[in-house]
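Asks: Following this message is one structure expressed as structure tokens.
A short reminder: the numbers here are calculations on the coordinates, not readings from a lab. The structure presented is a predicted model; accordingly, all values stated were derived computationally and were not measured. Every residue, glycine among them, receives a Cβ derived from its backbone with ideal geometry; neighbour counts consider all protein chains shown.
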Amino acid sequence: MLFGRVNLHPMTAHEALEISEMAPADLDEVLAIEQVSFPTPWTRKMFLEEMSNRNARLLVFRRGKAIAGYICFWEVLDEAHLMNIAVHPRHRSQGYGMSMMQVLENVSVRDGVKRVLLDVARRNVPARSLYKKCGFHSIGFRKKYYTAEEDDAIVMEKWLGPAGVYAAPSKSKEP
């Protein structure tokens with residue numbers, strides 16, 4: 001299923017990104033981004049398993065012919081859980097992550113999702129900053145969740161309204 005085009009966040013260049021469902025043919029590029037983005041990157045097998053999971057949504061974002069980033073999330077009943085998101089290093093700090101998160105929200109609202117959840121490493125300040133800018137709030141943590149990095153996970157949520165607007169109060173519980 002082709003998702004079309006999305007314009008980057010207003011603070012960035014006015015170039016649109018092409019969005020499509022991730023396909024096995026995308027995996028070489030996706031894995032290259034994954035390798036430089038995470039200390040314990042997903043494997044080809046993990047991505048392929050997600051592609052066959054009926055609850056999983058995997059989207060790639062292209063700038064021209066190259067993949068600039070991707071996002072993987074699950075939709076279960078009325079909740080979405082962000083599983084993985086990465087932007088190619090040459091496109092970081094340009095609004096791609098914000099645009100990708102907006103697509104996640106738009107797809108979720110369209111599919112009847114009311115709340116989006118995610119886990120983020122406590123030491124991953126850039127990602128935590130992005131999620132806060134997107135309206136996510138801390139609701140708890142998972143001690144030593146990221147074992148390879150020996151880091152805790154911050155659990156964050158965002159309640160969605162009909163237009164992806166934050167719709168429910170949440171108390172911050174950051175350690």
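Asks: Ser129 to Trp74: extension gain in nm, 0.36 nm per residue of separation minus the Cα-Cα distance?
Replies: Working: separation 55, 0.36 × 55 = 19.80 nm, distance 2.21 nm.
Extra length from Ser129 to Trp74 when fully extended: 17.6 nm.
Asks: I would also like to ask the following. Dipole of segment 2-121, Cα-centred, from +1 at each Lys and Arg C-beta and -1 at each Asp and Glu C-beta, to the nearest 20 debye?
Replies: Numbers: 13 positive and 15 negative charges, 53 e Å.
Approximately 260 debye in magnitude.
Asks: Another question, if that's okay. Put a dot 7 Å past each Cα toward the Cβ at Val36 and Ala66; how far apart are the dots in nm?
Replies: 0.8
Asks: Grab the other residues whose beta carbon is less than 10 angstrom from that of Phe136, score K and R as +1, D and E as -1, and report the net.
Replies: Summing Lys/Arg as +1 and Asp/Glu as -1 gives +3.
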